[in-house]
1. So, by mean Cβ neighbours within 10 angstrom, what's the order for 95-108, 133-146, 74-87 with the highest one leading?
2. State to the nearest 20 debye the size of the charge dipole of the chain about its Cα centre, where the only charges are +1 on K and R beta carbons and -1 on D and E beta carbons.
3. Out of (1) 47; (2) 53; (3) 71, which label holds the value of percent of Cα pairs over 22 Å apart that was computed here?
4. Within the chain, which complete DSSP H helices have Cα atoms spanning at least 30 Å along the helix axis and a mean Kyte-Doolittle hydropathy of -0.5 or higher?
Amino acid sequence: MKPRRLQLDHYAPPWRSRWPGYLLLALAVLTTAEVTQRYRAAQLAAERHEATRNMLNLQQPPVKPIPRNRLDEQVKTAQTVVRQLTLPWARLIKTIEAAGSNDVAILQLQPDAQQRMLRITAEARSEAAMVEYLRRLAGAQGFAYVHLLSHQVQEDDPQRPIQFSAQASFQAMQ
């Protein structure tokens, strides 16, 4: 007769099920396989991206510092653009339209924000309409020193309109 095996482990039950361990091992193997597959796909995508970049020859030269005088020139250009954008366009146009009549057609507006000047090219049906428009523009709020620069009768047009250019200083409009 064989002696009976002696169990000395008083804390653990004598029979343990092994299937939870096998299940955990299987989950670990599946997770490792998925992570490995994603790593390989990402590595392949990076290699493709690098190959495409090399084919397109997108290697950029190192950035050179901008000379001080060129930087100052760019700052002045930017300030000019800001002055143009901050002009009170709506009020300028509204004032010009209010001074207008059916006898005068505005052809072109050329603002100079730095000197706060506005050059207007227009066409009038008659000399009297032109003079009346300039008078109304000179009396409009926000404009000062309105004067006629040039005028010319359009001989090739049967109605013979007068094309003229005027210049006006504009002030800050509220």
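Read the figures in this text as sums done on the coordinates, not as results from a lab. Since we're looking at a predicted model, the values are computed, not measured. Positions of Cβ are backbone-derived with ideal geometry, glycine not excepted, and every protein chain shown enters the neighbour counts.
1. 133-146, 95-108, 74-87
2. For the chain, the charge dipole is close to 2000 debye.
3. Comparing each candidate, only (3) matches the computed number.
4. Helices passing the filter in the chain: 19-56.
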